[in-house]
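Quick notes on the structure that follows.
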Amino acid sequence: MATRIKNNVYWVGKVDWELRHFHGHELSTHHGTNYNSYLIKEEKTILIDTAWAPFSKEFVHGLAQAVDIKKIDAIVMSHGEVDHSGALPELMEMIPGTPIYCSPNGVKSLQGHYHQDWNFKPVRTGEKLSIGNGKELMFIEAPMLHWPDTMLTYLSGDNILFSNDAFGQHLATDKLFADSIDPCTLWEELLKYYANIIAPWSKMVAVTLKELNGLNLPIDMILTGHGASWRGEDVQKVMAKYTEFSGEYKENRIAVVYDTIWGGTRIMAEEIAKGIREADSEVALSVMNLGSSDKNDVVADVFRAKAVLVGSPSHNKGVLTSVAGFLEEMRGLGFKAKKAGAFGCYGWSGEAQKRLNDTLKSIGFEVLDDGIKNMWEPDAKAVEMCRAYGRAFAAKVK
Ligand code: FEO
């Protein structure tokens, strides 16, 4: 199905209402996603991106209703990841010689995925493709947003930036613009996407945003590769949000994350949280069990937090695997300027809290103190210790 976006620009993507996991099972997608793809019908007909491979046939069938596929003059592949390029093999069987414009790294990733000698046209930042009627496409490399191959494409005349993963959200919607979406869901999914997918490359995001601003392009619309797109005043809003995200992003929030075996470390988490609240009535607070919570939602919460308290009981001379996995995730995501502390129950050896502190320090958190540990189940004295620790921690990060 084609939906007119502006003048001769159409959406020809796929709404995946069902999707609940992405990147294998690494990422939760509670609201599904869109694989957004666009068709430009000027003197030349240009396709920008495709859809994920399981939808190849649907995608090509829908595209054929919008245009005579043999009349497509060129394909722009913003990014080689399979959620955008997956329908290429099906399509290229029909139009095997059609030029594919992509970054030099895009050639490598597309060849690496599909092992085909397609008619690649590698392009660099600033290179242009005339598409007739006085309009042209300009390519802007955007490495690590989200792979080394990613590039943005700007359509002059219509003032549209095709951004692929950047500014996207995993959000299935047939209303294609952000101004038609429930804002809570929209901004929550934008942040979750950034925190879980883009955050490791924040420095490159800042570079790209600076480069984009330096080009002084009038941008009326940003058309994304996932979820809703942006128009009108939302263009500046989402760019400002990405600028915030790519800095040392934090809100007035503390995240308490833990796992527990028989509930002792849970009690510690909850009593620490009460102590935080006693010391600071304003700070937002979340208390999340890493064993039972959606890990990507936890990541999003920690991205928002100015400080995180991590708890695990001592277990098999270390920490619980859910907590170890969370810390490994934190290592890779590389959030900046977060303060941290550690806590946990133990029965005899009690290594967990030191292990947590050491790991937190090694992955870039500012650990504020030695943390606290409690032998066996928390009693009234331990409860007060946790409350006092929470109060002191809140005061340190206020
Ligand atoms: Fe939506 Fe990095 O692919």
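Computed values, structure above
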{"quantity": "Tally of residues being within 13 Å of Ile160 (Cβ to Cβ) and β-branched (Val, Ile, Thr) across segment 201-249", "calculated": "4"}
{"quantity": "Filter pass, Arg355 being over 31 Å from the mean Cα position of the chain (by Cα), modelled with pLDDT of 95 or more, among the basic types (Lys, Arg) and in a helix (DSSP H, G or I)", "calculated": "no"}
{"quantity": "Pick from segment 337-352, criterion modelled with pLDDT of 95 or more and not in a strand (DSSP E or B), ranking: surrounded by the most Cβ atoms within 10 Å (Cβ to Cβ)", "calculated": "Ala352"}
{"quantity": "Filtered residues of segment 358-381 (kept if at negative phi, assigned to a loop (DSSP other than H, G, I, E, B) and within 27 Å of the chain's Cα centre (by Cα))", "calculated": "Ile363, Phe365"}
{"quantity": "Cβ-Cβ under 6 Å pairs, at least 6 apart or on other chains, segment 285-313 side among the basic types (Lys, Arg), far side in a strand (DSSP E or B) and modelled with pLDDT of 95 or more", "calculated": "Arg304/Arg253"}
{"quantity": "Every residue from segment 252-286 that is surrounded by fewer than 20 Cβ atoms within 10 Å (Cβ to Cβ) and either part of a strand (DSSP E or B) or at pLDDT below 95 (or both)", "calculated": "Arg253, Ala284, Leu285, Ser286"}
{"quantity": "Index of the failed condition, Glu58 passing every other in (1) farther than 24 Å from Pro218 by Cα; (2) free of Cβ contacts under 8 Å to residues at least 24 places away in the same chain; (3) among the acidic types (Asp, Glu)", "calculated": "(2)"}
{"quantity": "Residue selected from segment 158-173 under the condition more than 10 Å from the ligand (Cβ to nearest atom) and either touching a helix residue (DSSP H, G or I) at 6+ places or on another chain (Cβ under 7 Å) or aliphatic (A, V, I, L, M) (or both), by the criterion nearest to Ile140 (Cα to Cα)", "calculated": "Leu161"}
{"quantity": "Positions within segment 129-157 being within 18 Å of the chain's Cα centre (by Cα) and surrounded by fewer than 18 Cβ atoms within 10 Å (Cβ to Cβ), in sequence order", "calculated": "Pro143, Met144"}
{"quantity": "Test result for His146, more than 12 Å from Ser78 (Cα to Cα) and touching a residue at least 24 places away in the same chain (Cβ under 8 Å)", "calculated": "no"}
{"quantity": "Number of positions in segment 203-233 that are in contact with an Asp or Glu (Cβ under 9 Å, 6 or more places away or on another chain) and within 16 Å of the ligand (Cβ to nearest atom)", "calculated": "7"}
{"quantity": "Residue among Ile100, Ile160 that alone is more than 21 Å from Asp83 (Cα to Cα), of a type outside the set (Lys, Arg) and buried (at least 18 other Cβ atoms within 10 Å of the Cβ)", "calculated": "Ile160"}
{"quantity": "Filtered residues of segment 30-58 (kept if out of contact with any strand residue (DSSP E or B) (no Cβ under 6 Å at 6 or more places or on another chain) and β-branched (Val, Ile, Thr))", "calculated": "Thr45, Thr50"}
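The values are calculated or read from the model by the stated rules, or taken from the named source; none is laboratory data. Computed from a predicted structure; not experimentally measured. Please note: Cβ atoms are built from the backbone with ideal geometry, for glycine as well, and neighbour counts cover all protein chains shown.
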